[in-house]
Number of protein chains: 2
Amino acid sequence: MSDTSPKNTPLPPGSTIGILGGGQLGRMLAVAATQLGFHVHIFSDTPGPAFEVAQSHTVAPYEDEAAIAAFARSVDVVTYEFENIPRATAEAAMAHAPLHPSLKALETSQDRIVEKAFLSGLGIPVAPYAVVTRHTKKSINYDVPGAQPKYPALLKTARFGYDGKGQVRVESEDDLTDAHTQIGLVPSVLEERIAFAREISIIAVGDVDGNVNSYDLAENVHENQILKTSMIPANVPDNLMPMAHVMAERIVRALDYVGTLAVEFFHCPDHPEGPLLVNEIAPRVHNSGHWTLDACLCSQFENHIRAIVGWPLGSTRRHSDALMTNLLGDEITTWADIAADTSSAFHVYGKGEARSARKMGHMTRLSPLTRE
Amino acid sequence: MSDTSPKNTPLPPGSTIGILGGGQLGRMLAVAATQLGFHVHIFSDTPGPAFEVAQSHTVAPYEDEAAIAAFARSVDVVTYEFENIPRATAEAAMAHAPLHPSLKALETSQDRIVEKAFLSGLGIPVAPYAVVTRHTKKSINYDVPGAQPKYPALLKTARFGYDGKGQVRVESEDDLTDAHTQIGLVPSVLEERIAFAREISIIAVGDVDGNVNSYDLAENVHENQILKTSMIPANVPDNLMPMAHVMAERIVRALDYVGTLAVEFFHCPDHPEGPLLVNEIAPRVHNSGHWTLDACLCSQFENHIRAIVGWPLGSTRRHSDALMTNLLGDEITTWADIAADTSSAFHVYGKGEARSARKMGHMTRLSPLTRE
């Protein structure tokens with residue numbers, strides 16, 4: 001519907017935002033959009049928690065290009081809550097409405113091989129890695145584009161991995177062929193397992209005019225490869241924030257990126273490529289940015305919406321310290337205790353079944369600022 | 001559905017909250033309820049902005065007791081966003097689900113005569129007033145229950161006035177009969193027009209166990225009898241906050257009140273009945289508490305939901321100073337300028353038509369705390 005508008009004309013309240021994906025990220029995006037007076041249309045292959053707060057929804061496979069086209073024609077801009085969107089789907093949407101973030105961002109983040117080459121090409125340090133180039137049960141060949149990865153290492157599928165799915169630990173070169181068989185002989189990356197001091201992430205947002213704002217660094221703890229907590233401020237030297245911001249800004253500009261972006265880092269002060277190595281980028285709002293809902297004037301969700309509708313970015317200033325804890329699986333059954341914690345904001349995603357390790361909600365404990 | 005539960009058993013996430021009224025207050029209540037994992041069913045005589053974020057809705061006249069009963073049977077608790085709910089409607093709902101705040105709160109706030117007698121009975125100072133007891137075109141009789149009201153005064157209808165509707169200024173006793181004719185010869189209150197220093201309000205919330213929390217005082221400016229701005233902190237001596245809190249607490253307890261309550265005051269340090277006279281009470285979330293959405297961990301909306309589902313109250317602590325400005329009528333057409341104000345949170349209610357003086361949205365400018 002906005003095809004005829006100049007690129008930078010902001011959409012007025014009352015316009016409709018289309019979101020691919022109906023999970024909790026889509027839900028929090030929808031609430032942010034509604035606060036600003038936008039309507040929301042969710043497209044998902046299955047009904048999800050975002051449907052509860054959206055005004056329209058389409059249930060169809062992501063591969064159904066006719067359904068995608070009809071969806072895109074009915075909205076003013078299309079965005080997404082997850083990066084594993086088929087290229088044909090993105091293109092079918094783009095034929096009828098602007099897509100933000102860009103197709104290039106999707107394609108870069110969908111494939112670890114492309115992502116690492118992209119980052120390295122920008123001069124952004126990543127964990128030493130090898131690209132597995134031959135895929136048989138008997139032998140394995142790989143290329144090493146940069147520094148030689150050391151063992152122990154992780155073998156990760158190039159595509160469609162998340163929350164630790166599609167990766168296996170490799171102790172030595174001898175185990176590599178077995179590991180590759182284990183993950184299905186698909187294109188993969190062998191990545192040095194970084195002895196990091198901590199994992200941190202930055203949430204950045206880019207607008208249509210090329211401005212980039214970042215939130216303060218979060219220090220993240222994963223359990224079973226799923227994010228458990230994010231602590232803000234991160235316990236890191238002050239110079240890491242500008243360093244991370246500059247990297248995020250370079251990524252945003254190189255991808256013609258509009259919207260919220262997450263960059264996950266290993267903080268490894270003693271590594272020869274350190275102190276910050278990029279682990280991965282996510283072209284979307286991110287679990288490690290949920291604290292911005294309660295500790296900032298403008299959350300990562302609102303800033304994503306502001307960016308994709310062509311509005312100026314909101315403030316990323318933090319008014320409180322924060323500790324975000326994910327509530328996984330049946331941890332949500334302790335809701336009465338969480339409700340009684342009056343220093344925490346409580347977010348429940350409204351999912352029906354508390355399957356093991358499923359993200360059911362989160363809580364963010366706030367405290368007065370210890371340092372800006 | 002909860003009839004058989006003990007009074008203080010909290011409702012779990014996944015329960016359904018019924019809200020009478022579909023305007024912006026219902027909308028912000030619905031968003032708060034959804035964040036906590038509740039479903040929302042809106043009942044309104046006309047579709048409104050709350051429908052966009054609620055999972056179910058009923059459109060029927062408030063007098064349709066069969067529709068009210070069906071609505072109440074389908075939810076776990078009933079609340080309301082406006083106080084002018086007919087008694088029969090409230091009773092029809094109460095036959096099938098708990099109603100919060102109480103019927104007594106509704107009935108007290110619906111009638112200025114009842115409200116002033118109630119407040120005076122609690123020893124809470126109100127503006128000197130007279131109750132108009134005879135209603136003919138030729139003559140007027142009135143009772144003065146307390147201090148004698150001075151002129152100029154305001155003649156206000158006892159029932160169904162809001163935002164300055166149903167009131168007229170009276171310069172002297174000679175004008176009283178004409179004024180009464182002008183407002184339709186209905187039961188009325190003649191109220192001394194207080195030469196106040198400022199108008200302030202307190203938002204308090206009471207839970208099922210009798211706990212009462214209050215937010216910091218807001219200093220309110222009205223234009224054409226409609227709230228224009230709320231400033232927090234109010235520019236008042238420190239002793240006013242505990243004074244206002246004690247009054248709110250007394251009101252909450254006397255009404256068996258569960259939920260968010262607003263008390264509006266005149267601050268008049270030189271008045272013989274001062275320094276705080278209660279202007280009116282509103283048994284609901286209130287426009288002068290919108291700043292709590294952005295300046296507090298737990299907003300007036302979330303605290304209302306927490307109270308009515310039997311959860312512990314959330315924190316009313318303020319992390320920032322705030323200035324809330326209502327956006328009335330076509331002021332919303334300046335949305336692009338407001339969007340560019342990066343120190344303000346912007347809320348658009350999604351109403352179709354920007355009729356004159358209609359509340360279309362609000363903005364809250366935040367700044368670091370100047371004093372706690």
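Where a number appears in this text, it was derived from the coordinates with a stated rule and is not lab data. It should be emphasised that the depicted structure is a prediction, and the values quoted were computed from it without experimental measurement. Note: ideal-geometry Cβ built from the backbone for every residue, glycine included; neighbour counts use all protein chains shown.
Both radii come from the Cα set of the range A:77-164: Rg as radius of gyration, Rh as Kirkwood radius; their ratio Rg/Rh reads 1.05.
Over all pairs of different C-alpha atoms in the protein assembly as shown, the reciprocal of the mean inverse distance, the Kirkwood hydrodynamic radius, equals 27.8 Å.
Helical content alone sets the calculated 222 nm signal of chain B at -6500 deg cm²/dmol, taking -39,500 (n - 2.57) per DSSP H segment of four or more residues and averaging over every residue. Placing +1 on the Cβ of every Lys and Arg and -1 on the Cβ of every Asp and Glu, with no other charges, gives the protein assembly as shown a dipole of roughly 300 debye about its Cα centre.
Kindly list the residues of the range A:270-284 that lie in the label zone of A:Ala254, defined by a backbone N under 20 Å from the point 7 Å along the Cα-to-C-beta vector. Flagged as within label range: A:272-284.
Extending 7 Å from the Cα toward the beta-carbon at both A:Arg87 and B:Ala95 defines two label points whose distance is 6.5 nm.
For the range A:128-192, the relative contact order comes to 43 percent (Cα pairs under 8 Å, sequence separation of at least 6). Checking the Cα-Cα distances for B:Lys156/B:Lys359; A:Lys351/B:Lys104; B:Lys104/B:Lys156 against a 25 Å cut-off, the pairs over it are A:Lys351/B:Lys104.
Listed by Cβ neighbour count within 10 Å, with the fewest neighbours leading, B:His286, A:His96 appear as A:His96, B:His286.
Residues whose amide H comes within less than 5 Å of that of A:Val40, counting only those at least five positions distant or on another chain, are A:Ile17, A:Gln55, A:Ser56 (H built at 1.01 Å from N in the peptide plane).
Sorted into 10 angstrom bins from 0, the C-alpha pair distances of the range B:1-154 split as 10, 32, 25, 18, 12, 2 percent. By the Cα gyration tensor, the range B:128-192 has an equivalent ellipsoid whose semi-axes, rounded to whole angstrom, run 15, 14, 11 from largest to smallest.
By the equivalent-ellipsoid construction on the alpha carbon gyration tensor, chain A comes out with semi-axes of 31, 25, 21 Å, ordered largest to smallest.
Each other copy places its own label point for B:Asn224 at 6.0 nm from this one, sorted shortest first, where the point lies 7 Å along the Cα-to-beta carbon line. Fully extending the segment from A:Ala340 to A:Asp143, taken as 0.36 nm per residue of separation minus the present Cα-Cα distance, adds 65.5 nm.
Between A:Val246 and B:Glu173, the distance separating the two model label sites (each 7 Å from Cα on the Cα→Cβ line) works out to 8.2 nm. Towards the positive end of the charge dipole of the range B:92-229, with charges on Cβ (+1 Lys, Arg; -1 Asp, Glu), say which of B:Ala195, B:Gly206, B:Phe160 has the farthest Cα. It is B:Phe160.
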